[in-house]
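Right, one structure below, let's go through it.
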Amino acid sequence: MIATPSYDYISPTEYLEGEETSPIKHEYRQGQVYAMAGASNTHVIITGNVFAMLRNHLRGSGCQAYVADTKAHIELIDTYYYPDVIVSCDKRDKAFNNFLRYPCLIIEVLSPTTEAFDRGDKFADYRQLESLQEYVLVSQNRTNVEVFRRNAEGQWVFYSYGQGENIHLTSVDFQLAVADVYEDISFEPVNLP
């Protein structure tokens, strides 16, 4: 999210109507609208890798993965965000056309301009979703995946994964290799002519 809010209050209905025709995406937080910046190629490849693996794993399970253009609606705090990948296994979400209220898994690929917000206020907001079981942060600058998982007591437990390791996403019972998350990504500097 870019820290450039519109200072006039906008209702959720006005926001949703505007998003249907807007050439750029905006996130909505308690009456304020924030324009979203574009993503790097690395960000897009990582997001695509994760989405493709999840989509294949979830076929026929009753769960659905969405990528980039589906909003998470945090009704309790009047907020809409666009996660990079979001998964819902809740039939109530089938009633909504362009957002989900009951996701079990949200994945954000970290960007230099959004990392602090994704780790801080956005994660605090996402924790208001009672259905959310896992929040995953994927670095695009180095091989590092962080999983925050809600335990039986409602506490968020941190798990970190690096090169050569496998990630277990318990919310959708899926194992994936960190190497597959970073397929086609090189962290070596490119020598340009």
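Coordinate-derived values only; no laboratory data. Given the structure is predicted, the values throughout are model-derived calculations rather than measurements. Ideal geometry is used to build each Cβ from the backbone, glycine not excepted, and the neighbour counts take in all protein chains shown.
Before moving on, here are some points about what is shown:
- Residues (exposed (fewer than 13 other Cβ atoms within 10 Å of the Cβ) and more than 30 Å from H168 (Cα to Cα)) located in the stretch 15-73: E17, E20, T21, S22, P23, I24, Q30
- Flag if D180 is closer than 20 Å to A65 by Cβ and without any contact (Cβ under 8 Å) to a residue 12 or more places away in the chain: no
- Looking across the stretch 100-114, just one residue is surrounded by 21 or more Cβ atoms within 10 Å (Cβ to Cβ) and farther than 19 Å from V138 by Cβ, and that is L100.
- For the stretch 54-82, the set of residues classified as under 23 Å from V44 (Cα atoms) and in a strand (DSSP E or B) consists of Q64, A65, Y66, V67, K71, A72, H73, Y80, Y81, listed by residue number.
- Inclusion of T143 among residues that are surrounded by 14 or more Cβ atoms within 10 Å (Cβ to Cβ), in contact with a Phe, Trp or Tyr (Cβ under 8 Å, 6 or more places away or on another chain) and closer than 19 Å to A35 by Cα is not warranted.
- Of all residues in the stretch 121-136, those satisfying the criterion of being surrounded by fewer than 20 Cβ atoms within 10 Å (Cβ to Cβ) and either more than 14 Å from the chain's Cα centre (by Cα) or over 16 Å from E146 (Cα atoms) (or both) are D121, D125, Q128, E130, S131.
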